[in-house]
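Written below as structure tokens is the structure these notes are about.
FYI, it's all coordinate maths here, none of it is from the lab. All values derive from a computational prediction rather than experimental measurement. Note that we place each Cβ from the backbone using ideal geometry, even for glycine, and neighbour counts take in every protein chain shown.
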Ligand code: FE
């Protein structure tokens, strides 16, 4: 009888340990960086990772924008109205892209910057949808970030129009 009781207790303990706690929003937000072996904020070595691999790692929203050049709906992104001091990194690979000093209030509906980290971004000609635009991609992982236009404020006159989902912000107060 004692043995049966012991077995029952062990089984019930195992069942309890298998019940997963629901993940909080903060954890979900960091899903990409925690399960992404390519993510680094210091390594700038060029990556060559196929989309089949990124699809397993990235959230569907980030994959659609970063790897399929989708655009998030205007005025919906988490960094559209956001003015904390810190650094913006590529949400796919961790490459440094922008400093908050270059962010400005744009009415276009997407987070906008007048200057990018020259080592962080690269450019492609984009003629989709009958428009002539310049696509901005991450220099390290080639992920789509947004587009750049020549109607920005001083001192550069440049407007980097970015998708929030492609960016990962780290505040100055969070730096270790
Ligand atoms: Fe990247």
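Take the Cα of residue 151, go 7 Å toward its beta carbon, and the backbone nitrogen atoms of the range 74-95 under 18 Å from that spot belong to 74-75. With each label modelled as a point 7 angstrom along the Cα→C-beta vector, the residue 118-residue 75 pair spans 3.8 nm. D by Stokes-Einstein for the range 35-174, Kirkwood Rh over Cα pairs, 20 °C, 1.002 mPa s: 142 µm²/s. Based on C-alpha pairs under 8 angstrom that are at least 6 apart in sequence, the range 35-174 has a relative contact order of 27 percent. Counting every other Cβ atom within 10 Å of each residue's Cβ, 57, 134 order from fewest to most as 134, 57.
At full extension, residue 34 and residue 125 could sit 29.5 nm farther apart than now, given 0.36 nm per residue minus the alpha carbon distance.
Translational diffusion of the range 124-169 was estimated from the Stokes-Einstein equation, with Rh taken as the Kirkwood radius over Cα pairs; at 4 °C and 1.567 mPa s the coefficient is 112 µm²/s. Among 141, 90, 108, sorting on how many other beta-carbon atoms sit within 10 Å of each Cβ, with the fewest leading, yields 108, 141, 90. Of the residues 140, 99, 73, 67, the one with the fewest other Cβ atoms within 10 Å heads the list, and the complete ranking is 73, 99, 67, 140.
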